[in-house]
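Asker: Let me give you the structure first, and then I'll get to my questions.
Bear in mind these aren't lab numbers, they're just calculated from the coordinates by the rules spelled out. Values in this document were obtained by computation on a predicted structure and should not be read as measured data. So basically every Cβ, Gly included, is an ideal-geometry build from the backbone, and we count neighbours across all protein chains shown.
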Amino acid sequence: MSDNLLSLKHVSKEYSGNKVLKDINIELKKGEIHALIGENGAGKSTLMNILFGMPVIHTTGGFEGVVEIEGHEANIRSPHDAMDYGIGMVHQEFMLIPGFTITENIKLNREITKPNLVSPVFGKRLETLNVKQMNEDTRKALDTLDMNIDEFLPVAGLPVGHMQFIEIAREIDKTGIKILVFDEPTAVLAESEAKNLLNAIRKLSRKGIGIIFISHRLDEIIDVADTVTVLRDGEHVVTKNVKDTNKYEIAQLMVGRKINIERVDGSNKNIVDETILNIEDLVVEMPGERVKGIDLSVKKGEIVGIGGLAGQGKLGLANGIMGIFPAKGKVEFESKKLTLNDPKAAIKSGLAFVSEDRKGIGLLLEESIESNIAFSAMQINNDFTNNFAGMRLKDSAKIRSHAVKMIKDLDIRCTSPMQIVGSLSGGNQQKVCVARALTLNPTLLLVSEPTRGIDIGAKKLVLDLLKQLNSEGMTIVMTSSELAELRSICDRIVIICEGKVEGVLPPDAPDAEFGLMMSGSKHTEGSEV
Amino acid sequence: MVGIEEKGIKYKDIVKKIGFPTIFIGGFWILILIAGGFLGISIATLISDTIKRAGMNGILVLAMVPSIQSGTGPNFALPVGIECGLFALVCAIEFGFTGWAWLFASIAFAIPLAVIVGYFYGKLLNAVKGSEMTIATYTGFSVVAFMCLPWLMIPFKNKNMGWFIGKGLRETIQLDAIKGAQKLNDFLRFSLFGENGFITFGGEKGIIIPTGMLLMFFLCCVIVWLYFRSKSGIAISAGGINPMFAKSSGIDIDKCRIKANILSTIMGAIGIIVYSQGYGYAQLYTAPLNMAFPAVAAILIGGATASRAKVSHVIIGVIIYQGLFTSALPVANILFEGTDLSETLRMIIQNGIILYALTQVKGGDK
């Protein structure tokens, strides 16, 4: 028997035939800080869901492999079980009730009570709160974290950094906490707050609590962790002692070489030295994908890739330009100033957008292929309409013939143009989105996550389509979380980190360069951006 | 075995296509008709009444289509449109119009008034996104309460509408007096299986078809149907199903919602004029209070959801709802003969159908 606090042995998980975790082995010792790193979709969240017995795991057929806690096999069927086993989680988003005091938040549903007159009759739920005891416990937890704020203050109005600490205090106040998971805890914190947090984590580990630290900030990992495990595409790449590695190596391992979509360098490239889109200091208020001042210029005829980790703002860029989320800044398109926050103006000026949220924004799922394809062009350019008694009616025949042409051109697999879009496969839905954008005859196409949620074969078709459109003269700005696909078709790749342009790389730059830039470690080195 | 399975699937498909509430209420109506036949009630009368009431209520139900399509849900504030219609109708009487002229003048006055009122109502709905249905219901109630004041205080002079003593308008205005009653109903009216065999023009027996009123209803249906095939109508529908999609295509959703509610208010206004002439009376004061619920119930029974409605739902719904309502009452009266329950039963049946229809509301996924 080992002295392992937690061991995951040969853990695999698949969602409806799609393997998202393959044979993961992780061991966590007492007092160890174990960092977990990987790109989006590498399997970090799935792994944590397994550890916490989240319903999503068990409703989709459970998982393979064994979870052992202190050498004994643990059967974690629900988050409540996980709590009983002494596993706690500090969430990325704060799960606190603003109007309650710190004590009330920390002790919520675990209140210490004492009997009163009615409780013998009506049961434990009606016992009086032992506020003094609760405050004392809270004090103790806060002291552990070197927090000198009063436990009776309401949570509302506290600085973000404090809220994070209250979350942690709640976890360590639970008796018998053995394992604590931190999910990107520093993502929302300022630098000094993050530093405090890392100190607190170290302190907790010295008390013998095993810590799993999920982060994409390589510097923090090097700084605080003892061991690091790299996941990539659901595979366990490596577990290393932090002392034996450095951030370049971790970055390289994280990005790695994936299924290579062969890059064929088109000789028929016709990039003109003429700026078609110029963005200055663009700020976009897109929830979860804030853009905090991007400068970028795109040349006519090129494919520009926008990469970066989730939540860093790469998706906000296109949404901001198209006016879907509130934006401010200066955007010039074809040397004319573009009106922001006005989708109609953006489309009219010759931009078209294929949204990353295919089912939410991209399509009318319950409508036919042909109405989806024709919709925007009809609304913006009055295409496919004729006048009848003062009303602009849709011209079904024109729509049909255009849809048939698009279906043929883009090879959309369907039974007829009248088929409901929701019943198509992901790849074909994506092609309908592209068809709708192309119907607007754009000069510049913004494509976000074009291959999200579609299978590999369809991915290649969509990418080939983009390449073909580009060779016919269309300028393309493609945003994607999948570096490999950006590298396969883009002429240059802009990496967005924390809402700003971190750097621009050629597609054939080494993996480590990409990895470092995506985790924002580049500028701390003082190197050229 | 295979055959049965196939049948099972087919049966399910049919239920899904037509919608369970439609089949349930429709089936119930047929049962009542059969029961009525056994009890000796004239089926022809029941069907005549059904057609008449369906024609009277049709446009009011049609008013639900634009508001549902635009994403603001069923127009519970139908009384807003109704009050516009009533006001126009009363004005037309005041200006001395009678007969056909009165009918057309009423509609002509009603439309601009409904456009203005509908615009502000649409603005109100845009300010309360997310709780449209509740706000709409109370807007309807408030408008009815408010309009009780003008009915009393505006110094109308026409003696066909005033109280015999005192000031203000009567609660119920007889349209006979201005030759307005059944104007549309009697236009090209004929009866089936009446006096002279299959068709008798102007007949009083058999199944009476109020041609003019039905034509008016179908005309409105065609207008709404065409509108939702136009650029503007398609924009409204898209905004209703998926606001983000519409926005990303450059559509001003708020404007669409206002347009839709203007259209709905106009339909409410025209609807009450057609209803009043068919009924023979214009009812003021608190009468419009509960007119929204039957209209909402009818379209829901016709197969609409809180977020999707078609003209076909209106036609099917209004026939089944009014059919059940008009047939159930005489049958119940015979079954409970001797008791004084008819008014109570009317309430129970009407509200029962409404309650059932409202529990079937689907969608509204915001």
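Asker: How long is the gain from A:Asn341 to A:Phe152 if the chain were fully straight, where each residue apart is worth 0.36 nm and the alpha carbon distance is subtracted?
Answerer: Values: separation 189, 0.36 × 189 = 68.04 nm, distance 4.38 nm.
Stretched fully, the A:Asn341-A:Phe152 segment lengthens by 63.7 nm.
Asker: Taking a label point 7 Å from the Cα of A:Thr60 along the Cα→Cβ vector, which residues of the stretch A:273-316 have an amide N closer than 20 Å to it?
Answerer: Only A:310-311 pass the distance filter.
Asker: Return the FRET efficiency for the residue pair A:Lys207, B:Thr134: r is the Cβ-Cβ distance, R0 is 51 Å, and the value is rounded to the nearest 0.05. Before the final figure, lay out each step's value.
Answerer: On the way: r = 53 Å, r/R0 = 1.04.
Once rounded, the FRET efficiency stands at 0.45.
Asker: Over the stretch A:319-379, calculate the relative contact order: mean separation of alpha carbon pairs under 8 Å at least 6 apart, over the residue count, as a percent. Could the numbers behind the result be given before it?
Answerer: Details: 54 pairs, mean separation 13.9, N = 61.
Reported relative contact order: 23 percent.
Asker: How much net charge surrounds B:Gln283 when only other residues with a Cβ under 12 Å from its Cβ are counted (Lys, Arg +1; Asp, Glu -1)?
Answerer: Values: positive: B:Arg170; negative: B:Glu83, B:Glu171.
Value of the local net charge: -1.
Asker: For the stretch B:128-139, just list the computed ³J(HN,Hα) in residue order, Karplus coefficients 6.51, -1.76 and 1.60, θ = phi - 60°, integers in Hz, with x standing in for Gly and Pro.
Answerer: 10, 3, x, 10, 4, 5, 5, 4, 4, 4, 6, 4
Asker: Residues with beta-carbon under 10 Å from that of A:Lys330, excluding A:Lys330: net charge, scoring Lys, Arg +1 and Asp, Glu -1? Present the calculation step by step, with values, prior to reporting the outcome.
Answerer: Working: positive: A:Lys328, A:Lys337; negative: A:Glu280, A:Asp281, A:Asp295, A:Glu332.
Net charge around A:Lys330: -2.
Asker: On average, how many beta carbons from a partner chain sit within 10 Å of the beta carbon of a residue in B:226-233? Write out the running numbers ahead of the final one.
Answerer: Working: counts 4, 2, 1, 6, 9, 10, 4, 4.
Counting other chains' Cβ atoms within 10 Å and averaging over B:226-233 gives 5.
Asker: I need the peptides A:229-240, A:413-424 ranked by packing, meaning the mean over residues of other C-beta atoms within 10 angstrom, with the highest value on top. Intermediate results must be reported in sequence, preceding the final value.
Answerer: Numbers: A:229-240: 19.6, A:413-424: 15.9.
Ranked by mean Cβ neighbours within 10 Å, highest first: A:229-240, A:413-424.
Asker: While we're looking at this one, here's another question. B:Lys16 to A:Ser416: FRET efficiency via 1/(1 + (r/R0)^6), r the Cβ-Cβ distance, R0 22 Å, to the nearest 0.05?
Answerer: Values: r = 21 Å, r/R0 = 0.95.
Efficiency, rounded to the nearest 0.05: 0.55.
Asker: What list of ³J(HN,Hα) couplings, whole Hz, do you get for the stretch A:67-77 from phi and the Karplus terms 6.51, -1.76, 1.60, once you set θ to phi - 60° and write x for glycine and proline?
Answerer: Karplus-based 3J(HN,Hα) across the stretch A:67-77 equals 10, 10, 10, 6, x, 10, 5, 10, 10, 9, 9 Hz.
Asker: Sticking with this one: Figure the gain on full extension for A:Lys114 and A:Ser12 (residue separation times 0.36 nm, minus the Cα-Cα span) and round it to one decimal in nm.
Answerer: On the way: separation 102, 0.36 × 102 = 36.72 nm, distance 4.60 nm.
Here the segment from A:Lys114 to A:Ser12 would lengthen by 32.1 nm.
Asker: Please state the charge dipole magnitude for chain B, taken about the Cα centre, from unit charges on C-beta atoms (+1 on K and R, -1 on D and E), reported in debye and rounded to the nearest 20.
Answerer: Magnitude of the dipole: close to 960 debye.
Asker: Let me ask you something else. Based on the mean of other Cβ atoms within 10 Å per residue, sort peptides A:481-494, A:314-327, B:123-136 so the most packed one is first. Walk me through the numbers on the way to the answer.
Answerer: On the way: A:481-494: 21.4, A:314-327: 24.4, B:123-136: 16.4.
In descending order of packing, they fall as A:314-327, A:481-494, B:123-136.
Asker: Which whole-number percent is the relative contact order of chain A (Cα, under 8 Å, 6+ apart)?
Answerer: Numbers: 1070 pairs, mean separation 77.5, N = 529.
So the answer I get is 15 percent.
Asker: Treat each spin label as a single point 7 Å out from the Cα along the C-beta direction, and report the A:Phe122 to A:His72 distance in nm.
Answerer: Placing both labels 7 Å along Cα→Cβ, they lie 3.8 nm apart.
Asker: May I ask you to derive the relative contact order of chain B, considering only C-alpha pairs under 8 Å and at least 6 residues apart, and to give it as an integer percent? Before the final figure, lay out the partial values.
Answerer: Numbers: 625 pairs, mean separation 112.0, N = 366.
Relative contact order comes out at 31 percent.
Asker: Name the long-range amide H neighbours of B:Leu169: under 5 Å, sequence gap of 5 or more, or other chain; modelled H, no Pro or chain starts.
Answerer: Amide H neighbours of B:Leu169: B:Leu152.
Asker: Please report the net charge: other residues with Cβ closer than 10 Å to the Cβ of B:Asn126, K and R +1, D and E -1.
Answerer: For residues surrounding B:Asn126, the net value is +2.
Asker: Taking each residue of B:234-240 in turn, how many C-beta atoms of other protein chains fall within 10 Å of its C-beta, and what is the average? Present the calculation step by step, with values, prior to reporting the outcome.
Answerer: Numbers: counts 10, 3, 0, 3, 7, 0, 0.
Taking all residues of B:234-240 together, the mean is 3.
Asker: Anything over 25 Å Cα to Cα? Flag those among A:Lys359/B:Lys123; A:Lys344/B:Lys255; B:Lys17/B:Lys205; A:Lys300/A:Lys337, in the order listed.
Answerer: Pairs exceeding 25 Å: A:Lys359/B:Lys123; B:Lys17/B:Lys205.
Asker: Follow-up. On average, how many beta carbons from a partner chain sit within 10 Å of the beta carbon of a residue in A:365-371? Could you put the intermediate results ahead of the total?
Answerer: Values: counts 3, 3, 6, 0, 0, 0, 3.
That average works out to 2.
Asker: Can you tell me the dipole magnitude for the protein assembly as shown around its Cα centre, using point charges on the Cβ only (Lys, Arg +1; Asp, Glu -1), in Debye to the nearest 20? The partial results should precede the final answer.
Answerer: Working: 91 positive and 91 negative charges, 575 e Å.
Its charge dipole is roughly 2760 debye.
Asker: What whole-number distance in Å separates the alpha-carbon centres of the stretch A:357-414 and the stretch B:121-173?
Answerer: Rounded to whole Å, the Cα centres lie 43 Å apart.
Asker: Turning to a different aspect of this structure: If the reach is capped at under 20 angstrom between alpha carbons, list the lysines near B:Lys159, excluding any in the same chain fewer than eight residues apart.
Answerer: The reachable lysines, counting only those whose Cα sits under 20 Å from B:Lys159, are B:Lys167, B:Lys179.
Asker: Next question, about the same structure. For a protection proxy built on the mean count of beta-carbon atoms within 10 angstrom, sort A:123-130, B:301-308, B:348-355, B:165-172 highest first, please.
Answerer: Descending packing order for the listed peptides: B:301-308, B:348-355, B:165-172, A:123-130.
Asker: Hey, what do the phi angles of the stretch A:362-368 turn into as Karplus ³J(HN,Hα) couplings, whole Hz, using 6.51/-1.76/1.60 and θ = phi - 60°, x for Gly and Pro?
Answerer: Going residue by residue, I get x, 9, 9, 4, 9, 9, 7 Hz, with x marking Gly and Pro.
Asker: Kirkwood Rh, Cα Rg: Rg to Rh for chain B? Each step should come with its number before you reach the end.
Answerer: Numbers: Rg = 21.3 Å, Rh = 21.5 Å.
Radius of gyration over Kirkwood radius for chain B works out to 0.99.
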